[in-house]
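One structure below.
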Amino acid sequence: MSGQNQLAFPGVPVESNVEWVWTEDPLEEPVVPTFVHTTVMAAEVLEALSPRVGGLYLDATLGGGGHTKAILDAAPGVRVVALDRDRVALHAARERLESYGDRVLFVKSPFGRVREALAEHGITRVDGLCADLGVSSPQLDEAQRGMSFRREGPIDMRMDQESGETALGLIERLSDDELADMIFKYGEERRSRRIARSIKRALADRELLSTLDLRRAIVRAVGPARVGGVDPATRTFQALRIAVNQELDELEALLASLPHVLLPGGVAALLSFHSLEDRLVKRAFQSGPFSPLFKKPRVATEEECAANARSRSAKLRAAHHQATRSGASYETSEGEAPGAEAEKDAPEEPS
Ligand SMILES: C[S@@+](CC[C@H](N)C(=O)[O-])C[C@H]1O[C@@H](n2cnc3c(N)ncnc32)[C@H](O)[C@@H]1O
């Protein structure tokens, strides 16, 4: 589908509010010693999107820039709006993708606000969109982020270190029962009550100062045994991270935005890494104006799984935004498309 009605960012006037992340405050540029994230299922994501010459795409989760780079290389003149809520990731990817010049627009925003983020840059719709959910390897590995139970760091866990409540703040704010419910819901952890009580006890005893203290409180509740090769703290850390970053709310907001930001015929390709995410994506693609590209989610090849452990839990779902006759679907950055007015009262075609 053509994106001709869109305001493409290379054409955005210089005095517009396009804000390139690295110019926000040059004195406070984050130090990025290394930022290595191995891209998951790049070939499959590309196959789903099949970028067209001169098309405009959105990478909702820029991270190390792997998918963005693959999209840029896929066809001449392709442009990408690259979103991330993590300033360090944006900074590192900007360096990596410098040679693409103004073919990439870097935007710091949670993807749940994708419509607003695009609108701020005069863009309404894109030809395709990808999202590689969850956290990047550097986010997990850097002790100061507090996402890993293997490294001593603050109990933080925020992807966007410039805003929002930390995991410690969340633990302090929630009651024992609320904390247990959250650990059960987002970690699918059966022993959530015991764990929540132990964490709150450690907090009251002023023994909850670091991620290793947090792991100790969990082990105190359930013992050190690894179940199925998995550390006893895995599920609780996952739950806290999902809650702190409101990952499922963000995903729901992104899914709800798809009909508004994708051109008719545009493709959304989403990579999820646990069942809570995949369930939401699956449900969204089964309804509304979407037509899944494949029935079952695609998974990484054996070779990729052998080379990159993270890819083993990846599930790729992709869907076309079906062209409907509703005015909303044909809305463009200029307003409604020609003919949309006349079609307003027409019944929607079955999707
Ligand atoms: C798995 S990494 C993406 C890796 C990237 N596809 C690559 O190949 O290098 C996920 C990235 O998405 C970002 N992210 C996760 N949830 C987000 C959200 N709701 N809004 C914006 N960015 C988000 C994280 O900060 C992280 O940098």
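Tallying residues that are among the aliphatic types (A, V, I, L, M) and within 12 Å of THR234 (Cβ to Cβ) within region 176-191 yields 1. Go through region 116-127 and give me each residue that's crowded, with 19+ Cβ neighbours inside 10 Å and aliphatic (A, V, I, L, M). ALA117, LEU118, ILE123, VAL126, listed by residue number. The set of residues in region 68-115 being in a loop (DSSP other than H, G, I, E, B), near the ligand (Cβ under 9 Å from one of its atoms) and surrounded by fewer than 22 Cβ atoms within 10 Å (Cβ to Cβ) consists of SER109 alone. Just one of the numbered conditions (1) in contact with a strand residue (DSSP E or B) (Cβ under 9 Å, 6 or more places away or on another chain); (2) under 30 Å from LEU293 (Cβ atoms); (3) surrounded by fewer than 18 Cβ atoms within 10 Å (Cβ to Cβ) is not true of MET159: (3). For GLY122, indicate whether it is within 11 Å of the ligand (Cβ to nearest atom) and either part of a loop (DSSP other than H, G, I, E, B) or out of contact with any strand residue (DSSP E or B) (no Cβ under 9 Å at 6 or more places or on another chain) (or both). Judged against the criteria, GLY122 is not a match.
Is region 128-146 home to any residue that is surrounded by fewer than 17 Cβ atoms within 10 Å (Cβ to Cβ), within 13 Å of the ligand (Cβ to nearest atom) and farther than 23 Å from LEU280 by Cβ? Taking every residue of region 128-146 in turn, at least one turns out to be surrounded by fewer than 17 Cβ atoms within 10 Å (Cβ to Cβ), within 13 Å of the ligand (Cβ to nearest atom) and farther than 23 Å from LEU280 by Cβ.
Under the condition of being more than 16 Å from the ligand (Cβ to nearest atom), closer than 19 Å to SER148 by Cα and touching a helix residue (DSSP H, G or I) at 6+ places or on another chain (Cβ under 7 Å), the residues counted in region 158-176 number 2.
Taken together, the criteria exclude LEU179 from residues that are part of a helix (DSSP H, G or I), within 11 Å of the ligand (Cβ to nearest atom) and without any contact (Cβ under 8 Å) to a residue 40 or more places away in the chain.
Identify the residue in region 258-276 that is in contact with a strand residue (DSSP E or B) (Cβ under 8 Å, 6 or more places away or on another chain) and in a helix (DSSP H, G or I) and, among all such residues, is nearest to PHE184 (Cα to Cα).
Among those residues, the one meeting the criterion is LEU258.
Name the one entry in GLU47, GLU29 that is surrounded by 13 or more Cβ atoms within 10 Å (Cβ to Cβ), at pLDDT below 95 and of a type in the set (D, E, K, R).
Every option except GLU29 fails the conditions.
Which condition from (1) outside the structural domain of SER257 (by TED's automatic domain parsing); (2) of a type in the set (Val, Ile, Thr); (3) in contact with a Phe, Trp or Tyr (Cβ under 8 Å, 6 or more places away or on another chain) is the one that ILE123 breaks? In the conditions (1) outside the structural domain of SER257 (by TED's automatic domain parsing); (2) of a type in the set (Val, Ile, Thr); (3) in contact with a Phe, Trp or Tyr (Cβ under 8 Å, 6 or more places away or on another chain), ILE123 misses (1) alone.
The values are calculated or read from the model by the stated rules, or taken from the named source; none is laboratory data. This one's a predicted model, so the numbers in the text were calculated from it and none came from an experiment. We place every Cβ from the backbone using ideal geometry, glycine too, and count neighbours over all the protein chains shown.
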